[in-house]
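The values are calculated or read from the model by the stated rules, or taken from the named source; none is laboratory data. Source: prediction; values computed, not measured. Positions of Cβ are generated from backbone atoms using ideal geometry, with glycine treated the same way; all protein chains shown enter the neighbour counts. Heavy atoms of the whole protein, side chains included, go into the accessibility calculation; ligands, DNA and RNA do not. Shrake-Rupley method; radii C 1.70, N 1.55, O 1.52, S 1.80 Å.
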Amino acid sequence: MNSSSFVAIDDINKQELLDLLERTRYFEEHPNSKILDGRVVATLFFEPSTRTRLSFETAVNRLGGRVIGFSDASTSSTSKGETLKDTIKMVSNYADIIVMRHFLEGAAQYATEVTDVPIVNAGDGANQHPSQTLLDLYSILKTQGRLEGLVITMVGDLKYGRTVHSLLMAMRHFKPVFNFVSSPELRMPEEYIRLCDREGIEYHEYTDFSKEVIDSSDIIYMTRVQRERFSDIMEYERVKNLYTLRNAMLDGSKPTVRILHPLPRVNEINTDVDDNPKAYYFEQARNGVFARQAILTRALGIDPLKL
Amino acid sequence: MRNDKKELAVAALRNGTVIDHIPTEALFRVVRILGIEEMSTSVTIGYNLESHRFGRKGIIKVADVEFAEDVLNRIAIVAPTAMVNIIRDYEVVEKRPVTLPDELTGIVRCTNPKCITNNEPMHTRFRVTDRDTITVRCLYCNHVYRGDEIEIER
Ligand SMILES: [Zn+2]
């Protein structure tokens with residue numbers, strides 16, 4: 001695969017993660033420059049995601065680059081039956097880097113095998129969404145001042161939630177303590193539990209989103225519990241409100257705790273939390289632009305710190 | 001070697017390959033991996049034969065064909081106990097076990113319908129993540145398959 005691509009967080013080692021976080025911090029301090037002047041970035045959204053696309057395109061525009069692409073596969077040649085390979089090869093003639101989101105899992109990995117142009121994965125089905133992970137990590141670093149030795153509580157859909165899996169993979173480098181809070185149907189998959197065991201990472205599994213868990217946390221990472229994930233709809237009705245965070249539940253929590261959520265939220269965080277200074281999910285999204293500036297410049301081999 | 005002779009005598013091969021000690025339940029998956037349906041040479045397939053080691057076993061004898069080593073090693077995905085005998089002029093000239101490769105290209109099928117490998121004209125690629133339990137992971141969608149869950153292409 002072409003080595004500068006950014007496809008999965010598991011491919012990134014600790015040093016590279018720290019380098020990306022350093023870049024992210026740089027871009028937060030210097031969000032506007034011309035370091036992508038003359039560069040063409042393709043954003044290929046085979047599956048629409050306005051939020052992620054706007055974030056990437058803002059990142060490019062603030063660095064003076066140009067954007068080409070499409071926001072929906074129905075307007076691209078994919079709808080005429082063109083293979084992904086052919087689309088990637090065609091776009092590779094025009095762009096210096098390709099940011100792609102696809103509904104098929106593994107699409108970005110495959111794209112790296114058919115082109116020499118760096119690929120940035122902006123989400124491939126239920127599989128990977130590494131730019132989300134980098135912005136999550138940056139949000140943790142920024143709010144806590146460190147990554148080492150934090151108590152990270154993950155709540156909601158831990159089975160299908162790719163953001164919590166990727167966050168776990170990224171945080172494993174930093175001696176975390178994990179609290180996994182979910183209904184039994186949506187518990188953290190065995191492979192991640194085994195990984196924690198193997199790497200000597202402390203973790204606790206809970207079905208109760210209890211005061212003790214909340215009060216011990218440095219980060220509370222909330223996820224959406226989706227109805228369609230349940231085989232038994234009665235079970236969904238029973239658990240859907242058990243993993244909702246309300247403002248009063250934060251009364252005894254650490255002053256430094258921050259609430260994260262990949263957004264969009266439905267009802268897993270009550271709106272009465274929004275004005276609490278511990279709520280960080282809106283600023284978290286803002287960090288996404290800086291994280292994506294870091295990812296794009298790294299993939300293009302541009303070091304902003306050395307310019 | 002006396003044992004081999006006795007077994008091989010079932011249908012003595014002048015030249016070719018004998019794959020022995022295949023667990024019975026894996027036999028037809030091995031047939032598939034080797035692409036035997038598409039071969040034109042004579043092939044003898046023994047199913048549910050008696051075996052000291054397994055109780056029952058399968059055996060495949062392919063006349064006039066010597067498979068490439070990487071092809072034979074693919075058998076290890078479903079039949080890690082299989083033994084390969086190369087026959088030349090009625091003699092066993094080579095006898096060796098199969099060894100599971102680190103990576104498998106175009107052999108295992110990913111059953112995830114949303115995997116790119118099921119939607120593009122391309123080969124699958126799997127990494128063997130645990131040799132003892134025979135666990136493989138799709139290098140595209142990251143789905144994990146273990147033992148009997150592993151499906152062979154075609
Ligand atoms: Zn797959």
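Of the helices (runs of 4 or more DSSP H) lying entirely inside the stretch A:179-269, those containing at least 1 residues that are in contact with a strand residue (DSSP E or B) (Cβ under 9 Å, 6 or more places away or on another chain), at pLDDT 95 or above and not aliphatic (A, V, I, L, M) are A:190-199, A:211-216. Scanning the stretch A:87-115 for residues that are free of Cβ contacts under 8 Å to residues at least 60 places away in the same chain, out of contact with any strand residue (DSSP E or B) (no Cβ under 7 Å at 6 or more places or on another chain), surrounded by fewer than 21 Cβ atoms within 10 Å (Cβ to Cβ) and of a type outside the set (S, T, N, Q) gives A:Lys89, A:Met90, A:Phe103, A:Val114.
For residues in the stretch B:107-117 being open to solvent by less than 70 Å² (accessible area, probe 1.4 Å) and within 19 Å of the chain's Cα centre (by Cα), which is nearest to the ligand (Cβ to nearest atom)? Explain how you work it out, then say what you get.
Taking the stretch B:107-117 first, the residues open to solvent by less than 70 Å² (accessible area, probe 1.4 Å) are B:107-108, B:110-112, B:115-117.
From what's left, within 19 Å of the chain's Cα centre (by Cα): B:107-108, B:110.
On the way: B:Ile107: 13, B:Val108: 9, B:Cys110: 3 Å.
Here the answer is B:Cys110.
Number of residues in the stretch A:280-307 that are open to solvent by 10 Å² or more (accessible area, probe 1.4 Å) and among the aliphatic types (A, V, I, L, M): the value is 6. For A:Glu82, the conditions (1) in contact with a strand residue (DSSP E or B) (Cβ under 7 Å, 6 or more places away or on another chain); (2) of a type in the set (Asp, Glu); (3) at pLDDT below 95 are fulfilled apart from (1). Criterion first (open to solvent by 10 Å² or more (accessible area, probe 1.4 Å), assigned to a strand (DSSP E or B) and within 11 Å of another protein chain (Cβ to nearest Cβ)) does B:Arg56 satisfy it? The answer is no for B:Arg56.
Criterion first (within 12 Å of B:Ile19 (Cβ to Cβ), at pLDDT 90 or above and not assigned by TED's automatic domain parsing to the domain that holds B:Arg109) does B:Ala76 satisfy it? Answer is yes for this residue.
Would it be correct to say that B:Val71 is β-branched (Val, Ile, Thr), buried (at least 18 other Cβ atoms within 10 Å of the Cβ) and more than 14 Å from chain A (Cβ to nearest Cβ)? Don't jump to the end; show me each part of the working.
Values: β-branched (Val, Ile, Thr): yes; buried (at least 18 other Cβ atoms within 10 Å of the Cβ): no; more than 14 Å from chain A (Cβ to nearest Cβ): yes.
Against the criterion (β-branched (Val, Ile, Thr), buried (at least 18 other Cβ atoms within 10 Å of the Cβ) and more than 14 Å from chain A (Cβ to nearest Cβ)), B:Val71 does not qualify.
Evaluate the stretch A:226-247: report whether one residue or more is of a type in the set (Phe, Trp, Tyr), away from chain B (no Cβ under 14 Å) and over 18 Å from A:Ile152 (Cβ atoms). Even if it seems obvious, please write down each step before you answer.
So the first thing to find is which residues in the stretch A:226-247 are of a type in the set (Phe, Trp, Tyr), and the list is A:230, A:236, A:243.
Add one more test, that the residue is away from chain B (no Cβ under 14 Å), and what stays is A:230, A:236, A:243.
Checking the rest, the ones that are also over 18 Å from A:Ile152 (Cβ atoms) come to A:230, A:236.
Scanning the stretch A:226-247, I find at least one residue that is of a type in the set (Phe, Trp, Tyr), away from chain B (no Cβ under 14 Å) and over 18 Å from A:Ile152 (Cβ atoms), so the answer is yes.
Could you tell me which residue of the stretch A:36-60 is farthest from the chain's Cα centre (by Cα), considering only residues that are touching a residue at least 60 places away in the same chain (Cβ under 8 Å) and outside any helix (DSSP H, G or I)? Result: A:Arg39.
Please work out if B:Ile60 is of a type in the set (Val, Ile, Thr), within 16 Å of the ligand (Cβ to nearest atom), more than 29 Å from A:His129 (Cα to Cα) and in the same structural domain as B:Leu34 (by TED's automatic domain parsing). Before the answer, list the steps.
On the way: of a type in the set (Val, Ile, Thr): yes; within 16 Å of the ligand (Cβ to nearest atom): no; more than 29 Å from A:His129 (Cα to Cα): yes; in the same structural domain as B:Leu34 (by TED's automatic domain parsing): yes.
Criteria not met by B:Ile60.
Evaluated against (1) on the phi > 0 side of the Ramachandran plot; (2) open to solvent by less than 10 Å² (accessible area, probe 1.4 Å); (3) touching a Gly at 6+ places or on another chain (Cβ under 8 Å), A:Gly123 falls short on exactly one condition, (3). A:Thr83 fulfils the conditions (1) surrounded by 20 or more Cβ atoms within 10 Å (Cβ to Cβ); (2) out of contact with any Leu (no Cβ under 7 Å at 6 or more places or on another chain); (3) within 13 Å of chain B (Cβ to nearest Cβ); (4) among the hydroxyl-bearing types (Ser, Thr, Tyr) except for a single criterion, (1). Of all residues in the stretch B:118-133, those satisfying the criterion of being open to solvent by less than 90 Å² (accessible area, probe 1.4 Å) and at the interface with chain A (Cβ under 7 Å from one of its Cβ atoms) are B:Asn119, B:Glu120, B:Met122. Filtering the stretch A:81-95 for residues that are part of a strand (DSSP E or B), farther than 19 Å from B:Asn119 by Cα and not assigned by TED's automatic domain parsing to the domain that holds A:Pro264 leaves an empty set.
Kindly establish whether A:Pro176 is within 21 Å of the chain's Cα centre (by Cα), at pLDDT 95 or above and either assigned by TED's automatic domain parsing to the domain that holds A:Glu237 or open to solvent by 30 Å² or more (accessible area, probe 1.4 Å) (or both). Considered against the rule, which asks whether it is within 21 Å of the chain's Cα centre (by Cα), at pLDDT 95 or above and either assigned by TED's automatic domain parsing to the domain that holds A:Glu237 or open to solvent by 30 Å² or more (accessible area, probe 1.4 Å) (or both), A:Pro176 comes out as yes. A:Glu148 fulfils the conditions (1) acidic (Asp, Glu); (2) within 14 Å of chain B (Cβ to nearest Cβ); (3) open to solvent by 20 Å² or more (accessible area, probe 1.4 Å) except for a single criterion, (2).
In the stretch B:28-36, the condition of being assigned by TED's automatic domain parsing to the domain that holds B:Arg88, assigned to a loop (DSSP other than H, G, I, E, B), in contact (Cβ under 8 Å) with a residue 40 or more places away in the chain and within 24 Å of B:Tyr90 (Cβ to Cβ) is met by at least one residue.
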